[in-house]
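K.L.:
Have a look at the structure that comes next, please.
The values are calculated or read from the model by the stated rules, or taken from the named source; none is laboratory data. Just so it is clear, the structure is predicted and the values come from calculations on it, not from any experiment. Counting neighbours? That spans all protein chains shown, and the Cβs are built from the backbone with ideal geometry, glycine included. Side chains are part of the model used for accessible areas, which takes the heavy atoms of the whole protein and leaves out ligands, DNA and RNA. Shrake-Rupley method; radii C 1.70, N 1.55, O 1.52, S 1.80 Å.
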Amino acid sequence: MKKFSKFINLGAVSLMTAAIFSGTGLLFRQDAFAAQPYKGKTIKIGVWIGSDLEQTGLNKLIKGFEKKEGAKVTEKVYTNFQTQIQADFSARKAPDVFYMDSSLYPWFISQGVLAQLPKKQMQSTKFYKNLIAAFTSKGKLYGVPKDNSTLGLLINKDMFKKVGVDPKTIPTSYAGLIKWLPGFQAKLNKAYGKGKVTAMTYDQDMARNLAIMIAKGGKPVKNNGKANLASAQVVKNLGLYKKLVNTGAVATAKDLGSGDNGTAFGTGKVAMTEEGNWTYQVQKKAI
């Protein structure tokens, strides 16, 4: 069972690390990388924006690229990336370069839509081997890692204080959480009104749930690279989420009317959530 360990406490936010990793890469459409040089051309990038801080950094990057290459860059911001990016490729409207979660890479490479990238030019040896390997097939590079992070459990300390619960009493395993959550949710209902604040959110993204799927020998991917999600142990492992939801204290961000966990947490719809370090500075600034 996955364990949590305390990491940091600051202001109204507490962060606990969890043994989950999520990685994102930067990839080119097959015919786009070969379009160099880019002078006088318009380059379309597909992104999702996690915060104003990320948008500020991206704006600086774009301005620098435009100045150096003499090109113009336009953005397409995706709100439901997995669905929209696949639809854009089907309609032949895909961006020239785009972000992509590593969990989607096998599907894209199987479709033959990604450009092979020169390892030397991409400085592939400067990345951690496991990150560069996530976007490599048969020794060929198709993507450059953008970011990765250990996910953590964020808690709203003000909410815990209002309901009279010490954050130190949060169980350190999911098995313990399943027993503990109903009582915590009851306290939230009493303090804020039923349906106003949910105890915890979870994410259905496969990249975030690999640690759960592989527990006790679970094998979500076969040796030939094909999905094995219907295997007995993987299905049994994912039953954890059914148990969590059945507590009545756990929901997805979308169930709460938010686009992601960070937004649900930042707008006070949830007392605890699992998120990466990309949302930490945003939450700290907002509180």
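K.L.:
Any chance you could count how many residues in region 144-170 are part of a loop (DSSP other than H, G, I, E, B) and either of a type in the set (A, V, I, L, M) or touching a residue at least 12 places away in the same chain (Cβ under 8 Å) (or both)? Before you say what the answer is, go through the steps one by one.
P.N.:
Here is the first cut: in region 144-170, the residues part of a loop (DSSP other than H, G, I, E, B) are 163-166, 170.
Checking which are either of a type in the set (A, V, I, L, M) or touching a residue at least 12 places away in the same chain (Cβ under 8 Å) (or both) leaves us with 163-165, 170.
Going through region 144-170 one residue at a time, the tally reaches 4.
K.L.:
Tally time: how many residues in region 233-274 are of a type in the set (S, T, N, Q) and assigned to a helix (DSSP H, G or I)?
P.N.:
5
K.L.:
Looking at Lys190, Lys269, which one is surrounded by 15 or more Cβ atoms within 10 Å (Cβ to Cβ), in contact (Cβ under 8 Å) with a residue 24 or more places away in the chain and not acidic (Asp, Glu)?
P.N.:
Lys269
K.L.:
Determine whether region 153-166 contains at least one residue that is within 30 Å of Ala115 (Cα to Cα) and surrounded by 14 or more Cβ atoms within 10 Å (Cβ to Cβ).
P.N.:
The answer is no; no qualifying residue exists.
Residues checked against (1) assigned to a loop (DSSP other than H, G, I, E, B); (2) open to solvent by 60 Å² or more (accessible area, probe 1.4 Å); (3) at pLDDT 85 or above:
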| site | (1), (2), (3) |
| --- | --- |
| Ile49 | yes, no, no |
| Lys60 | no, yes, yes |
| Thr74 | no, no, yes |
| Gln82 | no, yes, no |
| Asp88 | no, no, yes |
| Tyr99 | no, no, yes |
| Leu104 | no, no, no |
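K.L.:
So which residues in region 193-222 are open to solvent by 40 Å² or more (accessible area, probe 1.4 Å), closer than 24 Å to Met100 by Cβ and either outside any loop (DSSP other than H, G, I, E, B) or modelled with pLDDT under 90 (or both), if there are any at all?
P.N.:
Asp203, Gln204, Met206, Leu210, Val221, Lys222 - these are the residues of region 193-222 that are open to solvent by 40 Å² or more (accessible area, probe 1.4 Å), closer than 24 Å to Met100 by Cβ and either outside any loop (DSSP other than H, G, I, E, B) or modelled with pLDDT under 90 (or both).
K.L.:
A further question on this structure: For region 172-205, give me each residue that is under 26 Å from the mean Cα position of the chain (by Cα) and among the basic types (Lys, Arg).
P.N.:
Answer for region 172-205, where residues must be under 26 Å from the mean Cα position of the chain (by Cα) and among the basic types (Lys, Arg): just Lys196.
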